[in-house]
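The values are calculated or read from the model by the stated rules, or taken from the named source; none is laboratory data. Bear in mind that the values here come from a model prediction, so they are computed numbers and not experimental data. Neighbour counts are summed over all protein chains in view; Cβ atoms, including those assigned to glycine, are modelled from backbone coordinates with ideal geometry. Just so you know, the surface numbers come from the protein's heavy atoms only, side chains and all, with ligands and any DNA or RNA stripped out. Shrake-Rupley method; radii C 1.70, N 1.55, O 1.52, S 1.80 Å.
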Amino acid sequence: MMFLLEGCMAQSADTESNLPPKREFRAVWIATVDNIDWPSSKNLLPEEQQEEFSELLDFHKRVGMNAVFVQVRAAGDAFYAKSPEPWSEWLTGVQGRKPNPMWDPLDFMIAEAHKRGLEFHAWLNLNRLVHKSSKSVSAENISRLHPEWILSYDGYKLFDFGIPEVRKFITDMTVNVARNYDVDGIHFDDYFYPYAAPGQVIQDDATFRKYSDGYTNKADWRRHNVDLLVKQIHEALEALNPKLKFGISPFGVWRNKDRDAEGSKTFGALASYDDLFADSRRWVKEGWIDYIAPQVYFSSGFNRVPYKNLVDWWNENRFDRHLYIGMGAYRVGYKDRDTHWSNPAEIPNQVRYFREAEADGSIFFSSRSLRANSLGFVDSLRRDLFKYPALIPTMPWKDRVPPLSPKSLKATLLSRGIELTWERPDAAADGDKAWYYVIYRFPPEEKASAHDPRRILGMCYEGEKFVDMTAESGKRYVYYVTAVDRLHNEGRPIGPLRVEVHDQKLVRF
């Protein structure tokens with residue numbers, strides 16, 4: 001029996017177009033600022049924080065997620081030990097106070113995510129030093145150490161991106177995380193220059209005069225500052241680890257069509273280019289980021305910024321990088337002027353649409369909203385749209401070499417099912433080894449294909465064995481196992497292994 005790999009024609013009763021997606025990015029943001037998602041309180045003991053986080057991952061894994069974005073720098077602070085910035089008050093109660101007993105949350109969170117097969121992306125807020133809700137500011141906070149780097153705006157202390165030393169500090173802070181922790185990616189949200197507040201003015205005139213860099217228009221200069229920062233971080237991460245993912249989640253609208261012919265079919269909406277001085281489209285076009293995750297927090301029926309229009313525009317402006325749609329899960333059931341969010345099918349229909357548009361997946365904001373399951377929309381994900389597992393899409397510009405095949409596939413009958421064992425493959429040509437394994441099971445009459453995720457029996461993230469606890473006596477099964485590397489390239493399978501449970505024995509056929 002031939003196992004048809006991805007890229008080959010699938011020869012089965014189902015056409016590839018009506019199969020569930022074999023590859024799809026499915027992620028959730030876990031916000032720590034002001035204890036939005038985790039930890040639930042700033043006064044928990046470390047063991048309580050650990051238990052909460054593990055339960056959070058178990059929940060999201062059950063829903064069908066394959067990645068998490070955890071906010072590890074919320075406001076000039078850190079949720080990790082190896083940081084030049086003080087411990088977060090939302091972790092320990094007071095900014096700068098060490099955990100007691102001492103532990104490193106980031107090491108713990110990464111390990112817990114990986115053993116569940118979840119990618120871990122370290123989410124850093126890059127502009128904030130003091131948040132409106134901050135109750136304590138450490139003497140080690142950069143706003144205290146370098147007040148000359150700071151913009152005060154609407155109750156916040158923010159970095160002044162026009163200062164070269166600021167951009168260097170942010171870059172070094174980011175690289176520090178990537179160097180010291182086994183993260184799968186580095187992620188920034190939509191906060192660059194601040195969202196406009198009535199009566200507030202960004203006081204960066206002195207910086208503009210000193211570091212104008214030939215610019216005469218301040219808006220263009222601010223965009224230039226952000227571009228320099230994004231490019232600088234990209235280059236630093238690339239030099240440290242070329243296989244590390246780097247992406248940003250900007251405000252959903254780059255520019256409106258009534259301002260720019262190249263903009264989206266949206267009208268009168270806030271735009272990242274014009275209002276936040278963030279040229280998000282350019283970052284993708286220049287290849288400075290590996291994915292763009294625009295926050296498309298609009299309903300399908302919102303006339304000024306229709307969800308579908310924005311998804312279509314970003315799909316046309318992704319420039320061969322991954323496109324993950326930022327999903328406004330927090331709006332479901334929320335009573336505001338946009339009544340479309342009272343429709344329990346709004347999010348499921350949005351998922352169906354981005355699939356039609358061939359986006360690479362989605363990230364949901366945020367964990368708390370998924371757990372609340374307003375109008376039951378999460379049930380639709382778990383039972384239908386995310387019912388079958390999906391591998392994370394590959395990034396061929398980072399790694400296109402698949403791992404080698406596992407060796408010596410064997411089956412043993414246990415009281416609880418059929419145990420499959422195999423040997424770890426040798427390193428591939430690029431030195432990569434297996435990061436995890438995919439176990440497929442087929443009925444003997446079906447031509448085996450790697451295209452159909454309904455035939456994925458499970459995935460193995462630790463060790464080289466898997467127990468099929470759903471095997472029934474008297475039935476015949478055909479198994480294959482593939483190895484997958486860190487960037488989710490899937491190798492050729494080992495198999496077929498044909499077995500039948502007969503008279504409490506395992507028989508090969």
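What is the ratio of the Cα radius of gyration of the chain to 2.2 N^0.38 Å, where N is its residue count, to two decimals? All intermediate terms of the calculation are to be shown ahead of the outcome.
Numbers: Rg = 24.3 Å, N = 509, 2.2 N^0.38 = 23.5 Å.
Expressed relative to 2.2 N^0.38 Å, the Cα Rg reads 1.03.
Would you work out the relative contact order for the chain, in percent, from Cα pairs under 8 angstrom that are 6 or more residues apart? Intermediate results must be reported in sequence, preceding the final value.
Details: 1045 pairs, mean separation 75.8, N = 509.
After rounding, I find 15 percent.
Just from the alpha-carbon atoms, what are the Rg and Dmax of region 390-450 in angstroms?
When restricted to the Cα atoms of region 390-450, Rg and Dmax are 14.8, 46 Å.
Once you mark the GluC sites (Glu not before Pro) that are in a DSSP loop and have at most 16 other Cβ atoms within 10 Å, what is the longest gap between them in the chain?
Numbers: sites that count: Glu140, Glu262, Glu286, Glu358, Glu445, Glu446, Glu462, Glu472.
Value returned for the longest uninterrupted segment is 1-139.
Would you mind working out the accessible area per residue for region 452-509, using a 1.4 Å probe, and quoting it in Å²?
Working: 2830 Å² over 58 residues.
The answer is 49 Å² per residue.
How much accessible area does Tyr273 have with a 1.4 Å probe, in Å² rounded to the nearest 10?
Accessible area, nearest 10 Å²: 40 Å².
Ranked from highest to lowest mean number of other Cβ atoms within 10 Å per residue, what is the order of the peptides 65-71, 128-134? Each step should come with its number before you reach the end.
Working: 65-71: 25.1, 128-134: 19.1.
Top of the packing list down: 65-71, 128-134.
Quick one: which of Lys61/Lys475; Lys61/Lys387; Lys135/Lys157; Lys42/Lys168; Lys398/Lys447 span more than 21 angstrom between C-alpha atoms?
Numbers: Lys61/Lys475 30 Å; Lys61/Lys387 11 Å; Lys135/Lys157 13 Å; Lys42/Lys168 31 Å; Lys398/Lys447 32 Å.
Flagged as over cut-off: Lys61/Lys475; Lys42/Lys168; Lys398/Lys447.
Taking the Cα centroid of region 334-364 and of region 56-114, what is the distance between the two, rounded to the nearest whole Å?
29
I'd like the projected area of region 284-439, averaged over all directions, using the convex hull of its alpha carbons. Report it in nm² with one decimal.
Numbers: hull surface 51.2 nm².
For region 284-439, the mean projected area of the Cα convex hull comes to 12.8 nm².
Quick one: what do you get for region 352-488 if you divide its Cα Rg by 2.2 N^0.38 Å?
Details: Rg = 17.6 Å, N = 137, 2.2 N^0.38 = 14.3 Å.
Region 352-488 yields a ratio of 1.24.
Given an 8 Å cut-off on Cα distances and at least 6 residues of separation, report the relative contact order of region 290-380 as a percent.
Working: 138 pairs, mean separation 28.8, N = 91.
Relative contact order of region 290-380: 32 percent.
What number, in nm² with one decimal, is the all-direction average of the projected area of the convex hull of the alpha-carbon atoms of region 241-294?
Details: hull surface 15.3 nm².
The orientation-averaged projected area of the Cα hull of region 241-294 comes to 3.8 nm².
If I take R0 = 25 Å and measure r between the Cβ atoms of Glu262 and Arg179 in this structure, what FRET efficiency does the formula 1/(1 + (r/R0)^6) give, to the nearest 0.05?
Working: r = 38 Å, r/R0 = 1.50.
FRET efficiency, Glu262 to Arg179: 0.10.
For region 146-215, what's the relative contact order in percent, using C-alpha pairs closer than 8 Å and at least 6 residues apart?
Relative contact order comes out at 40 percent.
Using 1/(1 + (r/R0)^6) with R0 = 56 angstrom and r between the beta carbons of Ser152 and Lys61, what's the FRET efficiency to the nearest 0.05?
On the way: r = 42 Å, r/R0 = 0.75.
The formula returns an efficiency of 0.85 here.
Could you list the square roots of 5 times each eigenvalue of the Cα gyration tensor of region 185-236, that is, the equivalent ellipsoid semi-axes, sorted largest first and rounded to whole Å? Write down the numbers at each step before the final one.
Numbers: eigenvalues 96, 61, 12 Å².
The equivalent ellipsoid of region 185-236 has semi-axes of 22, 17, 8 Å.
Assuming 0.36 nm per residue, please report the length gained on full extension of the stretch Phe108 to Ser473 beyond their Cα-Cα distance. Working shown, then result.
Values: separation 365, 0.36 × 365 = 131.40 nm, distance 4.10 nm.
Here the segment from Phe108 to Ser473 would lengthen by 127.3 nm.
Could you list the residues of region 157-188 with an amide nitrogen less than 20 Å from a label point located 7 Å from the Cα of Ala206 in the Cα-to-C-beta direction?
Counting only backbone N, you get 157-169.
Report the calculated FRET efficiency for Arg508 and Arg400 (r = Cβ-Cβ distance, R0 = 25 Å), to the nearest 0.05. Before the final figure, lay out the partial values.
Values: r = 36 Å, r/R0 = 1.44.
After rounding to 0.05, the efficiency reads 0.10.
Work out the charge dipole of the chain with +1 on the Cβ of Lys and Arg and -1 on the Cβ of Asp and Glu about the Cα centre, then indicate which of Val68, Gly301, Ala81 is farthest towards its positive end.
Of the listed residues, the answer is Gly301.
Could you please state how large a percent of the accessible area of the chain is carbon and sulfur, counting protein chains only and using a 1.4 Å probe?
Values: 10150 of 21470 Å².
C and S fraction of accessible area: 47 percent.
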